[in-house]
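The values are calculated or read from the model by the stated rules, or taken from the named source; none is laboratory data. Being a predicted model, the structure only gives us computed values, none of them experimental. Using ideal geometry, Cβ is built from the backbone for each residue, glycine included, and neighbour counts are taken over all protein chains shown. Heads up: the accessible areas ignore ligands, DNA and RNA and are worked out on the full protein's heavy atoms, side chains in. Shrake-Rupley method; radii C 1.70, N 1.55, O 1.52, S 1.80 Å.
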Amino acid sequence: MRLKNVLYVVGGGGAFLVFAVPLLWALFRSVQPNDVIVAAPDSQTFFQLTWDNFRTLIEGPGNLMRAVGNSLVVALSTAALTAVLATLAGYGFARFRFRTGPLLFALVVVSMMIPFQAILTPLYLQLNVMRLTDSLLGLVLFYTTVNLPFGVFVMRNSFASVPAELEDSAHVDGCGTLRMIGSVLRPLVAPGAATVALYAFLAAWTEFLGALTFLTKDELYTLPVALVNVQAGAYGEVNFGSLVAGSVIAMIPCIVLYVGLQRFYVTGLASGAVKG
């Protein structure tokens, strides 16, 4: 038994180092001057720390804070819209029996295997016809479309794990469908909904190609696109200090949200994996 505990501790410590060391290294590098980052290691300057990289990003002409705000608006809106639509669609697939239901759900699952890059051009043409290019709303709709198949898959399996007798009892008491989903079933499927919201938030927060394709105005750029604009200095020299500092800023919401929803995330993924 002691050997088993030692193996658990060693394995957990190794996994912690694998994931934590790169984050801590990026945090340490972000408070170093750019000339120290690109120079050979020197014991006299290696531990020279400064907040100039963050100050440059916040006060510089790139207006990174506006890009952070745009990313927050897009990511939070995508997470909320994806969670709501996936919950409604998942309930329909899990509880309503209709002839084309299995075929439609199979199409949803198959669409998860198609990379969005393959349909980027038709999506751009469609949003352009709808006058939603150069619009944060259009970007939210694009991200919701891409993340919705996974959300429907998880929520359908979450509702399938709930006994139907619970809904029958609620219907006998006069509870309507929407009220039952919001009051009776919500605590039971909350892990699945949190998983969908977290997955959609992270996907929208870190996505680059779609934002670069659909947005052309500087004031609408999201954080990944804005970081590309601040990385180049004179004569094409990469400003690694600003780039690492921007990466640290981009990591903060992801880490906070994941830590806060971790227990829901793990439970929701397990529900989506074992129910069919």
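For trypsin sites (Lys or Arg not before Pro), the sites in the range 142-249 that DSSP calls loop and that have at most 12 other Cβ atoms within 10 Å are 217. Rounded to the nearest 10 degrees, the inclination of helix 101-111 to the longest alpha-carbon principal axis of the chain is 10 degrees. For the residues 90, 11, 192, a GNM of the chain with alpha-carbon springs under 10 Å puts the largest fluctuation on 11.
Within the listed set 25, 51, 205, the Gaussian network model of the chain (springs between alpha-carbon atoms below 10 Å) gives the highest mean-square fluctuation for 25. For residue 39 and residue 107, a Förster radius of 51 Å and the Cβ-Cβ distance give a FRET efficiency of 0.40, rounded to the nearest 0.05.
Can you classify the range 142-235 as rounded, prolate or oblate using the Cα gyration tensor, where a ≥ b ≥ c are the square roots of its eigenvalues, rounded means a/c under 1.5, and otherwise it's prolate if a/b beats b/c and oblate if not? Prolate, because a/c is 1.5 or more and a/b exceeds b/c. Comparing 241, 182, 210 in a Gaussian network model of the chain where C-alpha atoms under 10 Å apart are linked, the largest mean-square fluctuation is found at 182. Report, in degrees rounded to the nearest 10, the 0 to 90 angle that the Cα long axis of helix 186-206 makes with the longest principal axis of the chain. Value to nearest ten degrees: 30.
By definition, a body whose alpha carbon gyration tensor gives a ≥ b ≥ c is oblate when a/c is 1.5 or more and a/b is not larger than b/c, and the range 1-153 fits this oblate description. The charge dipole of the chain, taken about its Cα centre with unit charges on the Cβ of Lys, Arg, Asp and Glu (plus for the first two, minus for the last two), comes to roughly 920 debye.
With all protein chains kept in place, the per residue accessible area of the range 120-182 amounts to 51 square angstrom at a probe of 1.4 angstrom. For the chain, the share of alpha carbon pairs falling in successive 10 Å distance bins from zero is 6, 22, 26, 23, 15, 6, 2, 0 percent. Under 25 °C and 0.890 mPa s, how fast does the range 72-229 diffuse according to Stokes-Einstein, given a Kirkwood radius computed over C-alpha pairs? Answer in µm²/s, whole number. Stokes-Einstein gives a translational diffusion coefficient of 145 µm²/s. Relative to one another, the C-alpha centroids of the range 12-85 and the range 184-212 are positioned 22 Å apart. Would you mind checking the tilt of helix 136-160 against the longest principal axis of the Cα atoms of the chain, expressed as 0 to 90 degrees and rounded to 10? Orientation of helix 136-160: about 50 degrees from the principal axis. Ordering 112, 251 by accessible surface, largest first, gives 112, 251; the 1.4 Å probe counts only protein heavy atoms, with every chain in place.
Using a 1.4 angstrom probe on heavy atoms only, work out the carbon and sulfur share of the accessible area of the range 40-171 in %. Kindly include the intermediate steps, with their values, before the conclusion.
Values: 5000 of 7550 Å².
The nonpolar share, carbon plus sulfur, comes to 66 percent.
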